[in-house]
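Visitor: The following block contains the structure, expressed as C-alpha cells.
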Amino acid sequence: DDDEDDDEHSPEKAAALAARRIHSVGSPVRLSNHDLSLGIVKHGYLWKRSSNVKRDWKRRWFLIQGGKLKYQRQEELTVTGPPVTVCDIMLCTVRERNRPTDSRFEFEIVSPQNRTYVCKAESAGDYKEWIRVIRAQTESLLVEGAAADLGTAQKHDDGAPAGVSTLGIPDSATVAEICRNNQVCADCGNKDPSWASINLGVLICIQCSGIHRSLGVHVSKVRSLTLDNWSLPMLNVLKLLGNSISSSVYESKKEAMALRPAADCPRAEAEKFIRMKYIARSFVQGGDHMDLDLNLWNSAKNGDVISCMKFIAMGSDVNYANADFKCYAPLHICCVCEEKKDPHMLECMELLLQNGADINATTAPIKGEEGKTVLDLAVEGGKVELISFLVGKIEGSV
C-alpha cells in the first residue's frame, strides 16, 4: 500500500523525476522491444487516489504485465524489487466514473476481492486507452481461461468458447437445421425464409424483413441467416424459439388467423398485419402488469427462454427491479442463479439484452457499497463464460 506521505521533493528525487518526465503529461508511452519481451502490454502514468484519511492523489507508474495490473512508486527509477500488484486483470472490472462530483478522466478498477482502486488519466486519449486495454486484456484472458478450464464448453468453428465472439456466417448445417424447423415466413407464409428477427426469435422472408427494418431496431432487429455474422447465443435463441412458438404468443388471439396475409401478398397488406402484430401487439393475450413483471423475473431466474419471450411480448418490463430481492432486475437474477437441468441462462440473457435490458443497471446499494452491475455479479461468482459474454456485449463484439 502507498497511502503514507511521500517525500517527493528532495533535490535528488526531483532530478530523478525530471529525467523520467521526458514524456509530456498525457502523452502515450511506446513499448520498447525489451518491454514486449517482458510481457508488458501497456504502461504509463496514472494518478491513484489513496485510501487513507486524506484521500489524496499520487502519481504512479502503472503497467499491465503477465495478466496483472501493477504500479511502481513514482520515485523508483529502476526496478529494485517487484512492483505492487493491484489485481488480476482476468476477473477485474473497469468502470468509467461520470458522476458530477468526479473530476475528468477518472475511472475505477474493482478487484476480484471487491477492492476499488480509483485512478485518473492525464488526457482524454489516455483515459480511453487504459479502459480499452484493460477490457481487451480481460476478454483475451477469459477466452484463454475458458478454453483451458471449460473443456466441455461448446466451441465455435473458430475455436472460441460459447458467448465470447461472433461466429461469422453460420455454417450450412446450422442454417439447414433452423430452416427445417421454420419452413415458412412467420408473418406471411412465404416459403424458405432466410432472414430473422433476433429479438423476436422468428424467421421471415425478404419482403417481411424490409418491413421489420422499417419498424426500428427497438421493435425488430433483422439479420440474414446466410449473409450476416451471428453469435452462438443468438443462434441458440432462434433454435429455442422459432416461428411456431413465437406465433403461439404473438398470434394467440383468434382474429390473427383471419387477418394473416397470404404468401406473396402485396407489401401494404403484410405491413399492416406486421405492425398490428409487433407494435400494437393486437393479437397477444394480456395480463396484469405487475404479475407480468414478476413472471418475467421468475422466468429469468429459471433460465426459461420461452416464458421470457412470452412475458416480454405481453408487455413485461425487462428492467423491472424486484424490491423484494435487492432490486435485482431479470438480468441480475438470471446471472446469479445456478443453471438448471436445461441450462439456457446465457440464451436467456441474450434475449433480455436484445429486448432492451440495461447491461449497466445496478442492484440496490447494501451497507454503504454501491449497487452492482450484472458483470460485477458474474465476476463475484467466477462465471468465466458468462463474464466473457458480458464483456463482449459491453465492447460490442457480440
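Visitor: Sorting check: for 184-195, 312-323, which peptide has the highest mean count of neighbouring beta carbons within 10 Å, and how do the rest follow?
Guide: On the way: 184-195: 20.5, 312-323: 18.9.
Those peptides, ordered most packed to least, come out 184-195, 312-323.
Visitor: Starting from the Cα gyration tensor of segment 210-311, take the square roots of the eigenvalues, sort them a ≥ b ≥ c, and report rounded, prolate or oblate (rounded when a/c is under 1.5, otherwise prolate if a/b is larger than b/c, else oblate).
Guide: oblate
Visitor: Using a 1.4 Å probe over the heavy atoms of the protein chains, calculate the carbon and sulfur portion of the accessible area of segment 268-316 as a whole percent.
Guide: Reported share for carbon and sulfur atoms: 50 percent.
Visitor: While we're on this one: Taking a threshold of 20 Å on the Cα-Cα distance, which of the pairs K253/K277; K191/K253; K277/K310; K239/K310; K372/K393 fall above it?
Guide: Over 20 Å Cα-Cα: K191/K253.
Visitor: To continue, here is another question. Once each part is reduced to its C-alpha centroid, what is the distance from segment 295-332 to segment 346-380 in angstrom?
Guide: Using only Cα atoms, the two centres lie 12 Å from each other.
Visitor: Give me the accessible area per residue for segment 224-366, probe 1.4 Å, as a whole number in Å².
Guide: Here the residues of segment 224-366 average 46 Å² of exposed surface.
Visitor: Note down the magnitude of the dipole of segment 199-297 about its Cα centre, charges +1 on Lys and Arg C-beta and -1 on Asp and Glu C-beta and zero elsewhere, to the nearest 20 debye.
Guide: 240 debye
Visitor: Convert each backbone phi in segment 319-329 into a coupling constant with the Karplus relation 6.51 cos²θ - 1.76 cosθ + 1.60 (shift: θ = phi - 60°), then list the ³J(HN,Hα) values in order as whole Hz, x for Gly and Pro.
Guide: For segment 319-329, the Karplus curve yields 10, 4, 9, 6, 5, 7, 9, 6, 6, 5, 8 Hz.
Visitor: Determine the share of segment 174-265's accessible area contributed by carbon and sulfur atoms, expressed in whole percent, with a 1.4 angstrom probe.
Guide: Details: 2060 of 3860 Å².
Here carbon and sulfur together make up 53 percent of the probe-accessible area.
The values are calculated or read from the model by the stated rules, or taken from the named source; none is laboratory data. Model, not experiment: these values are computed from the prediction. Reconstructed Cβ throughout: ideal geometry from the backbone, glycine too, with neighbour counts over all protein chains shown. Accessible surface areas use protein heavy atoms only, side chains included; no ligands, DNA or RNA. Shrake-Rupley method; radii C 1.70, N 1.55, O 1.52, S 1.80 Å.
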